[in-house]
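The values are calculated or read from the model by the stated rules, or taken from the named source; none is laboratory data. Remember, predicted model here, so these are calculated numbers, not experimental data. Neighbour counts are summed over all protein chains in view; Cβ atoms, including those assigned to glycine, are modelled from backbone coordinates with ideal geometry.
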Amino acid sequence: MDFFLEVLIGGLLAGVMYSLVAIGFVLIYKASGVFNFAQGAMVLFAALTFVSLGERGVPFWIAFLVTLATMLLLALAVERLVLRPLVNRSPITLFMATLGLAYITEGAAQALWGAQVHGLDLGIEDVPLDFGGLLISQFDLFAAGMAATLVLVLSLLFNKTRIGLSLRAVADDTLAAQAIGIRLSRVWVAVWAVAGLVALITGLLWGARLGVQFSLSLVVLKALPVLIVGGFSSVGGAIVGGLIVGASEKLAEIYAGPLLGGGIENWFPYVLAMLFLLVRPAGLFGERAIDRV
Amino acid sequence: MLYSETGQFSTHYAADRRLFRLRQDRLGLGLLLAFAFAAVPQIGNDYWFSAILIPFLVLSLAGLGLNLLTGYAGQLSLGSAAFMAAGAFAAYNFLLRIEGLPLLAGLALGGLVAALLSVAFGLPSLRIKGFYLIVSTLAAQFLLPWALVKFGWFSNYNASGVIGAPPLEVCGLDLASPAGRYVLTLGIVVALAFLARNIVHSELGRNWMAVRDMDTAAAVIGIPLAKTKLLAFAISGFYLGVAGALWAFTYLGTVEPHGFDLTRSFQVLFIIIIGGMGSILGNFLGAAFIVLFPLLLSNLAGLVPGGLIDPGQLENIQKMIFGALIVVFLIREPEGLARLWQHFRARVRRWPLRY
């Protein structure tokens, strides 16, 4: 039983890491209706920039701020060069554009900073702590704490500030928001910049775990099933989805894996997400779309 | 003048509906095919066959398969490579385990297996659409290669999971030479391309386009959604499966499941974005672009003196240019290279008048 609990908690905490990536998606999807495949590439770009600055002797906070400024520039460029020319085009077209964007960002990150693996030390050791017989990684707890803080900050941003109000207005009805004088382009830049911040934090946590390298951009593939389970348009859904996916993935690997020959972690979340889709096509917390002819 | 339609009247509905209505089109295509079948095997060298022409043809076929699903029926898929892998491994097993099965029959059976799998992963499309469908196709992308690696039976218990090409023989003709493999690939691709053009001109093709443009409206006017969507998945899966088998047998000779990873799926998707969604010709243009562009780029880099650009950097630059091209194409020419050809053709038809 203890073993079961340990696997469960380990899975839940791993799920928090998935949720972090998924939150970046949800933000952009809510505000601009774009399914941003480049989120993973942004995670890679942010983490590589941060680590490379750190290796050149730039102090932590300055490197953090410089990276953040870079992500802001990226957001500006994306709005001006990709989103604005593609306004009013089908969501599938926008998705494919972000696929191109992902290629550009990955290529740029590696062309600028090289393709080797960088170590990243946040000063938190990955040692297991003993909670009444249960071993839980200290790093995982820290990551969970970061995710909780992030969600808190984001919900304050969404609910208590003026920019948050315009974000919600745009998400609710783009045309009506424009009619009352909200500048769409600014909202898009803002939301892509916030997604950049989320990408940076995700990159730091994942980078400390896996090393900062190309495979960081593949976390996007881990986040997809999370989004499906939680729904595309809810930050809370992203968290719950992450927890469900993380926990079930680890439990399946331990208990069902040996029956199937192991290595099922890669596809299990997708099959889970498919089953969810068959029951609830809009995810647990997603908004049900109604088609009009 | 070259493209003048003067005097070409359709006197029957059948004549009006034929695949290539203009005499110039038929003539041009006939000449092109004659050149490709008769002249190219004589003048081409092994490098051209093995490194450029065969991958170009196979990728065109894969693009065609995805284009039927995504470009015509509007169902986005990121799992093309998985169905290619399924086709390749199924064809390999049929040819291995059934004594005396002709090569073409093996390829067709491989395609059928891929089609069945494609339908299975397309079933969720009856309930979900758009982005959500990506997940279903990605599930195929991760599940199928995993199964091919995990269960040794699929690769006849090869230690590294690699399959080799069966003897390439059609009707007693040995086609194992590069020129022979080229002719075999060309024959299959041309036949399937004609079939595809017929399909998209038929009622099924029009139903696909109606579903693509708005599936609720299509259902309202009485198009059976389930049948239409699943047929799109099946036919697309068949094309991808045959393409995968050709990729393994005529292009690479040996292939492992990792050769069909997500990158390959993206490559096929890029072919149809650059070439043109909802176009048969576009697949060939897009595949030509995808095959030739890296060669062009590495040749250009070779011109830069003193090894200023190292190979690793070249790959990054290539990636950035590809990404930028995707974005530029989506913004400037969403219908891809095929649209440019149509513009050109329309221009020539009116020439010397402007409009």
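Give me the pairs, please: first residue somewhere in the stretch A:162-189 and farther than 19 Å from A:Phe35 by Cα, second residue anywhere and surrounded by fewer than 19 Cβ atoms within 10 Å (Cβ to Cβ) and among the small types (Gly, Ala, Ser), beta-carbon distance under 6 Å, and either six or more positions apart or on two chains. From residues that are farther than 19 Å from A:Phe35 by Cα, the pairs are A:Ala177/A:Ala169; A:Ile182/A:Ala169.
Residues of the stretch B:130-160 that are at pLDDT below 80, hydroxyl-bearing (Ser, Thr, Tyr) and assigned to a helix (DSSP H, G or I): B:Tyr132, B:Ser155. Restricted to the stretch B:133-166, and to residues that are more than 14 Å from chain A (Cβ to nearest Cβ) and in contact (Cβ under 8 Å) with a residue 24 or more places away in the chain, which residue is surrounded by the fewest Cβ atoms within 10 Å (Cβ to Cβ)? In this case the residue turns out to be B:Ser160. Taken over the stretch B:80-102, the criterion of being within 20 Å of the chain's Cα centre (by Cα) and among the hydrophobic types (A, V, I, L, M, F, W, C) is satisfied by B:Ala81, B:Ala82, B:Phe83, B:Met84, B:Ala85, B:Ala86, B:Ala88, B:Phe89, B:Ala90, B:Ala91. Suppose we keep only residues that are farther than 18 Å from B:Trp247 by Cβ and outside any strand (DSSP E or B) within the stretch B:161-193. Which one would you say is modelled with the lowest pLDDT? The extreme case among them is B:Gly172.
Report whether or not A:Ala75 is surrounded by 17 or more Cβ atoms within 10 Å (Cβ to Cβ) and of a type in the set (A, V, I, L, M). Here the answer is yes, as A:Ala75 does meet what is asked. Taken over the stretch A:207-245, the residue count meeting the criterion of being under 17 Å from A:Thr105 (Cα atoms), surrounded by fewer than 23 Cβ atoms within 10 Å (Cβ to Cβ) and of a type in the set (S, T, N, Q) is 2.
Scan the stretch A:108-123 residue by residue and report those that are farther than 13 Å from A:Ser215 by Cα, buried (at least 17 other Cβ atoms within 10 Å of the Cβ) and facing chain B (nearest Cβ under 9 Å). Answer for the stretch A:108-123, where residues must be farther than 13 Å from A:Ser215 by Cα, buried (at least 17 other Cβ atoms within 10 Å of the Cβ) and facing chain B (nearest Cβ under 9 Å): A:Ala108, A:Ala111.
Exactly one condition in (1) free of Cβ contacts under 8 Å to residues at least 12 places away in the same chain; (2) within 18 Å of the chain's Cα centre (by Cα) is not met by A:Gly57; state its number. Going through (1) free of Cβ contacts under 8 Å to residues at least 12 places away in the same chain; (2) within 18 Å of the chain's Cα centre (by Cα) one by one, A:Gly57 breaks only (2). Considering the stretch A:45-94, the residues that are outside any helix (DSSP H, G or I) and more than 30 Å from B:Met277 (Cα to Cα) include one that is farthest from the other protein chains (Cβ to nearest Cβ), namely A:Pro59. Taking the stretch B:315-355 as the range and being more than 13 Å from A:Met96 (Cβ to Cβ) and in contact (Cβ under 8 Å) with a residue 60 or more places away in the chain as the test, the residues that pass are B:Leu337, B:Ala338, B:Arg339, B:Trp341, B:Arg345, B:Val348, B:Arg349, B:Trp351, B:Pro352. Here the helices (runs of 4 or more DSSP H) wholly within the stretch A:168-277 that include at least 3 residues being more than 12 Å from chain B (Cβ to nearest Cβ) and either of a type in the set (Ser, Thr, Tyr) or in contact with a helix residue (DSSP H, G or I) (Cβ under 9 Å, 6 or more places away or on another chain) (or both) are A:174-179, A:184-210, A:235-251. Starting from the stretch A:201-227, keep only residues that are within 15 Å of A:Val117 (Cβ to Cβ), then list their pairs with residues that are charged (D, E, K, R) and assigned to a helix (DSSP H, G or I) whose Cβ atoms are within a distance under 9 Å, requiring at least 6 positions of separation or different chains. Close Cβ pairs (under 9 Å, with a partner that is charged (D, E, K, R) and assigned to a helix (DSSP H, G or I)) amount to A:Phe214/A:Glu106; A:Ser217/A:Glu106.
Flag not set for A:Leu122, criterion: farther than 20 Å from A:Ser52 by Cβ and either touching a Cys at 6+ places or on another chain (Cβ under 8 Å) or not small (Gly, Ala, Ser) (or both).
Under 17 Å from the mean Cα position of the chain (by Cα) and either buried (at least 17 other Cβ atoms within 10 Å of the Cβ) or not in a strand (DSSP E or B) (or both) - does that describe any residue in the stretch B:118-129? There is at least one residue in the stretch B:118-129 that is under 17 Å from the mean Cα position of the chain (by Cα) and either buried (at least 17 other Cβ atoms within 10 Å of the Cβ) or not in a strand (DSSP E or B) (or both).
Can you name the residue in the stretch B:322-338 that is more than 8 Å from chain A (Cβ to nearest Cβ) and surrounded by fewer than 19 Cβ atoms within 10 Å (Cβ to Cβ) and, of all such residues, is modelled with the highest pLDDT? So, considering only residues that are more than 8 Å from chain A (Cβ to nearest Cβ) and surrounded by fewer than 19 Cβ atoms within 10 Å (Cβ to Cβ), the one modelled with the highest pLDDT is B:Val328.
Does B:Pro311 satisfy the criteria of being farther than 30 Å from A:Leu221 by Cα and modelled with pLDDT under 85? No. The lone criterion from (1) modelled with pLDDT of 85 or more; (2) out of contact with any strand residue (DSSP E or B) (no Cβ under 7 Å at 6 or more places or on another chain) left unmet by A:Ser90 is number (1). Against the test of being modelled with pLDDT under 90, in contact with a helix residue (DSSP H, G or I) (Cβ under 8 Å, 6 or more places away or on another chain) and aliphatic (A, V, I, L, M), the options B:Leu230, B:Leu204, B:Leu262 yield a single qualifying residue, B:Leu262.
Considering only the stretch A:79-98, state which residues are within 22 Å of the chain's Cα centre (by Cα) and either under 22 Å from A:Ala190 (Cβ atoms) or surrounded by fewer than 21 Cβ atoms within 10 Å (Cβ to Cβ) (or both). Of everything in the stretch A:79-98, those that are within 22 Å of the chain's Cα centre (by Cα) and either under 22 Å from A:Ala190 (Cβ atoms) or surrounded by fewer than 21 Cβ atoms within 10 Å (Cβ to Cβ) (or both) turn out to be A:Glu79, A:Val82, A:Leu83, A:Pro91, A:Ile92, A:Thr93, A:Leu94, A:Phe95, A:Ala97, A:Thr98.
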